[in-house]
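Each remark here refers to the structure printed beneath this line.
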Amino acid sequence: PVGSIVVVGHKAYIAPQYPDTNAPTMAVVDLQTFQASAIPIPAGSFDAGGLTGYPPNAAATSDGQYVVMVETESSDFTYHLLFISTATDSLAMDNAITYDPYGIVIPPSSNPSYGYLVGYDPQFNFAAVVIDLNPGSPTFGQLLPQTEVDLSTYFPYESGLAVNPAGGRLVVSGFHSGQSPQPNVIVIDTGQMLINPNQAIVATTTAANGAQTDGL
């Protein structure tokens, strides 16, 4: 099953939830010629695959240089960020991370440049965390655990994930299995994630009387 389709320039990158174990690849389609080709990637899977809503498992960096895909690799059963170079259409970097990724979004324009991952932290709390995507930064391509925003009191996992174009707001939706209705849409101030993550949740709302959300 397809996880995400990410468009960069005249190319569309198709990130599968479960790459073929015999020949694990991402596809890239030239939107001018409609020719498709394969980009080899490590074998693995997307842990949120199969959830209602299918959260995004890949996104393009704001400068368009990379498509970043999240995956649990089969070789070591650990979690990774895969950086696909859009210049060479090949795997440029494979970073191991400590969070079990359940979704990733990156705003199309942001300076400084950050991405946002939601998933389970090493203590198994469901949370949102910042990814450093600033070229030249010593932590480029790494998670910044000090930015974590705990979402576990709202829902055990998300089914919708989005970021506004300027990158100032991260929106996460899900389903609260407790007494209904409960807030099932959370708005996070991404600037506060960097300086005061405990105060980063700036709004909540209850959509469809607290029912399961399917996407944002």
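Taken together, the values in this text are just the output of simple stated rules run on the coordinates, not laboratory data. All values reported here derive from a predicted model rather than from experimental measurement. Note that each Cβ is placed from the backbone with ideal geometry, even for glycine, and that neighbours are counted across all protein chains shown.
How much net charge surrounds residue 24 when only other residues with a Cβ under 11 Å from its Cβ are counted (Lys, Arg +1; Asp, Glu -1)?
So the surrounding residues net to -3.
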Please compute the modelled spin-label separation between residue 164 and residue 134, points set 7 Å along Cα→Cβ, answer in nm with one decimal. 2.2
Determine the calculated [θ] at 222 nm for the chain from helices alone, applying -39500 (n - 2.57) to every DSSP H run no shorter than 4 residues and normalising by the residue count; nearest 500 deg cm²/dmol. -500 deg cm²/dmol
What order do you get for 196-203, 134-141, 39-46 when each peptide is scored by the mean count of other beta carbon atoms within 10 Å, highest first? 39-46, 196-203, 134-141
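Among 151-162, 71-82, what's the highest-first ranking by average C-beta atoms within 10 angstrom per residue?
Highest to lowest by the protection proxy: 151-162, 71-82.
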The extension gain from residue 144 to residue 94, computed as 0.36 nm times the residue separation minus the Cα-Cα distance, is 16.3 nm
Quick check: convex hull of the Cα atoms in the chain, volume per residue, rounded to a whole Å³? 120
Once phi is turned into θ = phi - 60°, what whole-Hz ³J(HN,Hα) does the Karplus curve with 6.51, -1.76 and 1.60 give for every residue of segment 99-115, x standing for Gly and Pro? 9, 7, x, 10, x, 9, 9, 9, x, x, 9, 7, 8, x, 9, 9, x
Given a Förster distance of 30 angstrom, what is the FRET efficiency for residue 211 paired with residue 33, based on the Cβ-Cβ distance and rounded to 0.05? 0.10
Could I have the simple spin-label model distance between residue 187 and residue 199, label points 7 Å from Cα toward Cβ, reported in nm to one decimal? 1.8
